[in-house]
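First up is the structure itself, then whatever we jot down about it.
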Amino acid sequence: MAENKRSMGPGGHGPGHGPRGGFQKPKDLRGTLGKLMAYLGRYRALLAAVVALLCVSSACTVGGSYLIKPLINDYILPGDFPGLARMLCLMAAVYILGAVCSFGYARIMVHVSQNAVARIREDLFDRMQRLPLKYFDAHTHGELMSRYTNDIETISEALNNSFGSVVSCTLNFAGTIAMMLVLSPALTLITFAVLGVMLLVVKTIGGRSRRYFAAQQKALGEVNGYIEEMIEGQKVIKVFNHESAAKEGFYARNEAYRQAASRAHAYAGAMMPAMGNLSYINYALSCCLGAMFAIHSGGAFRLGDLGAFLQYTRQVSQPVTQISQQMNTILSAVAGAERVFEVMEAQPETDEGKVTLVRAAEAEDGSVTRVHYDNNTWAWLKPDGTLVPLRGDVRFDHVVFGYNEDHVVLNDISLFAKPGQKIAFVGSTGAGKTTITSLINRFYEIQSGTITYDGIDVREIAKESLRRSLGVVLQDTHLFTGTVADNIRYGRLEATDEEVKAAAKLAGADAFIRHLPKGYDTVLSGDGGSLSQGERQLLNIARAACANPPVLILDEATSSIDTRTEKLIEQGMDRLMAGRTVFVIAHRLSTVRNARAIMVLEQGEIIERGDHDDLIRQHGRYYQLYTGQAELA
């Protein structure tokens with residue numbers, strides 16, 4: 001709602017927008033992982049294949065290194081070259097099998113993860129379509145968009161690579177340690193000591209890296225938000241000659257981002273060299289001590305054993321490093337999934353209405369009977385089978401409403417609009433004009449009182465049917481990517497081309513549409529950025545005309561149209577409103593002079609009501625607004 005909208009934060013990032021590449025600890029790790037596994041669980045057979053391939057791949061990696069022992073002891077040292085050739089072929093076959101299994105599980109995991117992510121994205125979008133407007137009032141567009149971009153993308157990356165990598169590295173690490181213990185428990189103790197130092201390095205460097213990555217993402221958000229704001233405000237910047245101030249503001253934010261990014265990447269870049277050098281130290285110690293064992297062991301520990309063990313010392317640090325790197329990605333993905341599931345678990349818009357809208361025809365005796373869908377007359381179908389003609393009789397009876405219990409927006413509102421009447425609302429910003437029209441649509445639920453539509457409580461009418469009977473022209477236009485005809489047809493998707501053109505003529509939009517490059521087939525993009533504000537609003541009005549509703553709500557519909565354009569469409573608007581119940585939120589008082597009743601609202605209450613002449617004679621608030629003694633903000 002225009003009167004209760006939160007503005008988007010810097011860069012479109014809401015408070016739940018997590019840093020990409022940084023670290024975020026999820027609130028409920030086990031619960032969120034369980035929900036993710038539920039999506040993956042739909043592909044149990046494929047996941048079983050992935051696990052099997054992972055086990056075979058890890059066995060080939062670990063077993064291939066162990067083959068170095070017989071290769072040296074049984075074939076190289078004795079000089080058995082035919083046997084050496086056979087052993088080399090065996091090793092090649094083992095490693096090829098491991099590579100094929102790695103490729104296979106990676107391909108299957110991509111298939112599984114992308115299907116799971118696609119299902120998550122579908123479920124998220126489906127749930128958003130069922131959320132009430134108050135949810136979108138409480139969350140910025142950027143915050144909600146980040147669920148689809150940042151959060152789901154992080155989930156996709158983790159499912160594609162990280163989960164499989166962590167399982168593979170865990171199996172490799174366990175297998176490597178087991179084989180090292182088999183070869184030499186004494187040398188394995190040295191490896192354990194070095195691994196302890198590695199874990200301490202990971203904890204120290206990784207912890208600082210996470211903090212600085214978080215600072216980097218915060219600084220990046222400020223830079224992006226500032227750039228977005230400056231681009232949108234270029235006209236204002238140039239009008240007031242604030243280019244220098246804009247540049248100084250950017251330089252300061254850019255420098256803060258540079259410093260944070262430098263620290264973050266300095267620590268992140270130090271991780272691999274530190275781990276690599278510790279790995280070399282482990283290798284050197286194992287090599288020296290292993291050579292001494294081989295010399296003095298009396299054949300219990302031979303050169304082949306040492307060669308295999310040294311290969312394992314090179315392998316053992318890789319899983320630790322990779323797991324430490326992947327855990328950040330996984331935990332960030334779980335944190336992102338947590339935010340996605342929070343939206344999915346938000347309370348959807350409730351609808352207990354049982355009265356539906358059906359096609360009907362009015363019989364000669366005034367009763368209503370059910371007929372075919374292609375008939376143009378509508379009626380309300382009650383659960384007991386009774387049909388009530390759709391006329392557009394709307395009544396408010398002592399309605400009280402507030403967006404929360406502590407703040408009442410509308411207080412004891414009573415009014416009625418008989419079929420075909422035009423009711424106008426005037427008053428200051430925040431007086432509750434738009435709120436009244438939103439209550440007719442049941443975008444929000446009232447605290448007390450009743451709202452009836454053709455004698456039926458709107459809470460008894462299914463929301464889809466209720467909103468189908470209403471046409472709304474908002475002050476803020478929104479055009480979708482598609483042709484001009486498609487945008488007009490959005491009011492009624494089954495409308496024919498002739499009906500679309502008739503709606504455009506009724507709204508006064510046909511003339512400018514015919515002058516577009518391809519007329520009604522002209523493709524609009526960027527919210528119709530190539531059109532003027534007045535032309536965009538004319539299409540918005542044509543969309544409502546195409547819906548052909550019995551009740552029409554005009555929320556300052558002509559406020560964005562210049563006086564000349566307003567005169568050109570005045571007759572079309574009169575034709576559009578003819579025979580319909582019309583609620584008008586007035587921006588220009590000249591547009592409501594012919595209203596059947598004008599309601600003057602202040603602070604959520606109707607302080608004056610009557611037609612134009614009555615209100616002028618009262619010399620009250622309306623008189624002050626009309627004569628310019630007070631401002632209509």
Study note, to complete from the structure: Taking R0 as 60 Å and r as the Cβ-Cβ distance between residue 618 and residue 145, the FRET efficiency 1/(1 + (r/R0)^6), rounded to the nearest 0.05, comes to 0.80
Revision key, fill the gap. Here, residue 182 and residue 37, labelled 7 Å along Cα→Cβ, have an inter-label distance in nm of 3.0 nm
Practice item. Find the relative contact order for the chain and round it to a whole percent, using C-alpha pairs within less than 8 Å whose residues are 6+ positions apart. Key: 15 percent
Point to revise | Pairwise label distance in nanometres, residue 532 with residue 30, each label 7 Å out on the Cα-Cβ vector | key: 6.6 nm
Check your understanding: Once fully extended, how much extra length lies between residue 395 and residue 497, figured as 0.36 nm per residue of separation less the alpha-carbon to alpha-carbon distance?
Key -> 33.2 nm
Point to revise | Whole-Å distance, taken between Cα centres, linking region 517-543 and region 252-301 | key: 62 Å
Practice item. Would you mind checking which residues have amide H under 5 Å from residue 422's amide H? H placed 1.01 Å from N; only 5 or more apart, or other chain. Key: 582, 596, 597
**Study point:** Low-density loop positions, GluC sites (Glu not before Pro), region 439-533 - DSSP coil, at most 15 other Cβ in 10 Å
**Key:** 445, 494
Point to revise | Estimated 222 nm signal from helices in the chain, with DSSP H stretches of n ≥ 4 weighted -39500 (n - 2.57), rounded to 500 | key: -19000 deg cm²/dmol
Check your understanding: How high is the FRET efficiency between residue 231 and residue 170 when r is their beta carbon distance and R₀ equals 51 Å, given to the nearest 0.05?
Key -> 0.60
Revision key, fill the gap. Quick calc, the chain, dipole around Cα centre from Cβ unit charges on Lys, Arg (+) and Asp, Glu (-), nearest 20 debye, gives 2060 debye
Revision key, fill the gap. With a ≥ b ≥ c from the Cα gyration tensor eigenvalues, square-rooted, and the rule rounded for a/c under 1.5, otherwise prolate when a/b > b/c and oblate otherwise, region 379-430 is oblate
**Study point:** Solvent-accessible heavy-atom area per residue, rounded to whole Å², over the chain at 1.4 Å
**Key:** 50 Å²
Check your understanding: Between residue 412 and residue 89, 0.36 nm times their residue separation minus their Cα-Cα distance comes to what?
Key -> 107.3 nm
Review point. So, with a 1.4 angstrom probe, what is the percent of accessible area on region 268-315 that is carbon and sulfur?
Key: 70 percent
Study note, to complete from the structure: Computed over region 104-228, the relative contact order (Cα-Cα under 8 Å, seq sep at least six) in percent reads 31 percent
Practice item. Round to a whole angstrom and tell me the spacing of the C-alpha centers of region 430-507 and region 144-176. Key: 44 Å
**Study point:** Separation in nanometres of the label points that stand 7 Å from Cα toward Cβ, at residue 350 and residue 44
**Key:** 3.6 nm
Exercise for review: Would you work out what percent of the accessible area of region 392-479, with all protein chains in place, is carbon or sulfur (probe 1.4 Å)?
Suggested key: 47 percent
Exercise for review: Can you figure out the FRET efficiency of residue 96 with residue 52, using R₀ = 22 Å and their beta-carbon distance, to the nearest 0.05?
Suggested key: 0.80
Review point. In sequence order, what are the phi-derived ³J(HN,Hα) couplings for region 171-187 according to the Karplus relation 6.51 cos²θ - 1.76 cosθ + 1.60 with θ = phi - 60°, rounded to whole Hz, with x for glycine and proline?
Key: 5, 4, 5, 4, x, 5, 4, 4, 5, 5, 5, 5, 6, 6, x, 5, 5
Point to revise | At most 12 other Cβ within 10 Å, DSSP loop - trypsin sites (Lys or Arg not before Pro), region 510-542 | key: 518
Revision key, fill the gap. Of all chymotrypsin sites (Phe, Trp or Tyr not before Pro) in region 413-490, the ones in DSSP coil with at most 15 other Cβ atoms within 10 Å are 480
Check your understanding: Is the chain rounded, prolate or oblate when judged by the Cα gyration tensor, a ≥ b ≥ c being the square roots of its eigenvalues, rounded requiring a/c under 1.5 and prolate requiring a/b larger than b/c?
Key -> prolate
Review point. What are the ³J(HN,Hα) values, in whole Hz, obtained from phi via the Karplus relation 6.51 cos²θ - 1.76 cosθ + 1.60 with θ = phi - 60°, for each residue of region 80-88 in sequence order, with x given for Gly and Pro?
Key: 8, 6, x, x, 4, 5, 5, 5, 5
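The values are calculated or read from the model by the stated rules, or taken from the named source; none is laboratory data. Since the model is a prediction, treat every value here as computed from it, not as a measurement. Counting neighbours? That spans all protein chains shown, and the Cβs are built from the backbone with ideal geometry, glycine included. Surface accessibility is based on the protein's heavy atoms, side chains included, excluding ligands, DNA and RNA. Shrake-Rupley method; radii C 1.70, N 1.55, O 1.52, S 1.80 Å.
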